[in-house]
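The values are calculated or read from the model by the stated rules, or taken from the named source; none is laboratory data. Fair warning: this is a prediction, and the values are worked out from it, not measured in the lab. Note that we place each Cβ from the backbone using ideal geometry, even for glycine, and neighbour counts take in every protein chain shown. With ligands, DNA and RNA removed, areas are computed over all heavy atoms of the protein, side chains included. Shrake-Rupley method; radii C 1.70, N 1.55, O 1.52, S 1.80 Å.
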Amino acid sequence: MRSNSKIAQLICHWLEALRYWLDTIEIQNRNFARFLCRVIPVQCPFERDLIFFGRKVAHIPPLCKLNPFYEQLVRLRFRAACYLVEECGESI
């Protein structure tokens, strides 16, 4: 049992390190900022309404919140978009 808790601690440590790394990425290149805005979606792409014969039958909630890096990726895309607007004068 003790090894399982050590593995869990190691995984948590790596997740925190990756989160920190994503939060510290600096956007200083127009092409990189465009790439990030293209790759990271504005909204969760998995949220869906299931419609059958014109009636909403079910709703699949956004599963992005289950992603351990969701907040960091949203912030990274926001920083890239801000860079494009403020530094490059582009509109998104």
Output for Cβ contacts, cut-off 7 Å, separation at least six or different chains, first residue acidic (D, E) in segment 73-92, second open to solvent by less than 70 Å² (accessible area, probe 1.4 Å), reads E90/L84
The one condition in (1) at pLDDT below 95; (2) open to solvent by 70 Å² or more (accessible area, probe 1.4 Å); (3) not in a loop (DSSP other than H, G, I, E, B) that V42 fails to fulfil
(3)
Which ones in segment 1-34 are over 16 Å from Q72 (Cα atoms), among the hydrophobic types (A, V, I, L, M, F, W, C) and part of a helix (DSSP H, G or I)?
I7, A8, L10, I11, F32
Matching residues in segment 46-67 - criterion: being open to solvent by less than 60 Å² (accessible area, probe 1.4 Å), in contact (Cβ under 8 Å) with a residue 12 or more places away in the chain and not in a helix (DSSP H, G or I):
P62
Residue that is nearest to L66 (Cα to Cα), among those in segment 1-39 that are among the hydroxyl-bearing types (S, T, Y) and at pLDDT below 90:
S5
